[in-house]
Structure formats: C-alpha cells, structure tokens
Amino acid sequence: MTNVVKLNFAAFTAFRQDGKTQAAIVSEAEKLAGRANAMHVTAGAEYDATPARASTKGSTSLVSTGNTKARVDQAAHNTLLKALGGG
C-alpha cells in the first residue's frame with residue numbers, strides 16, 4: 001500500500017515567517033547572547049542578538065559580536081560555539 005503525502009510549502013513558509021514564530025526565534029537568540037555574555041573571557045566583550053528577519057524559507061535571527069572586545073574574545077576563545085553547547 002502506497003501512501004502519498006502532499007506538503008504545502010507555502011503554508012510552512014508562512015508559519016515560519018509568522019510574528020509568533022519570529023518572537024520565539026528572537027527569544028532563543030537573546031538567550032544565546034546572554035549565555036555568551038555570561039561566559040566571555042575578555043573584559044568588556046558584548047554579544048548581541050538581531051531582530052528576526054524574514055527569509056525566502058522562513059525567518060532568521062543572528063547572534064554576533066557587539067564590539068571589538070567581543071571579536072577578540074570570539075577569535076581567542078570561540079565563545080559563541082561554547083554558548084551553543086559545543087566546543
């Protein structure tokens with residue numbers, strides 16, 4: 001017996017671009033930035049989360065270095081990877 005599943009990709013994209021979904025994405029990005037800020041080694045390093053943006057397949061939010069000290073910290077200690085739970 002063969003079952004056929006038809007997916008509605010437009011609906012998946014709309015769901016991933018919904019405001020509630022974007023709020024959840026930003027919340028997770030802010031948690032990651034908070035963990036990175038709590039564990040940085042270089043004094044004065046600040047990690048930031050960006051607001052969610054719609055993309056062609058859904059939504060994204062980035063966590064990045066907020067200043068030069070954070071860039072130095074990231075390069076020396078790989079803080080963002082550690083904040084993710086890796087490395």
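Structure values in brief
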| item | result |
| --- | --- |
| Residue match in segment 51-68 (condition: farther than 30 Å from ALA10 by Cα, free of Cβ contacts under 8 Å to residues at least 40 places away in the same chain and in a helix (DSSP H, G or I)) | yes |
| The listed residue being touching a helix residue (DSSP H, G or I) at 6+ places or on another chain (Cβ under 8 Å), surrounded by 15 or more Cβ atoms within 10 Å (Cβ to Cβ), on the phi < 0 side of the Ramachandran plot and not in a helix (DSSP H, G or I), out of ALA83, ALA36, ALA45 | ALA45 |
| Any hit, segment 23-44, residues being among the acidic types (Asp, Glu) and over 15 Å from the mean Cα position of the chain (by Cα) | no |
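The numbers here are math on the coordinates, done by the rules we state, and not lab data. None of these values were measured; they are calculated from a predicted model. Quick reminder, even Gly has a Cβ in these numbers, built from the backbone with ideal geometry, and neighbours come from all protein chains shown.
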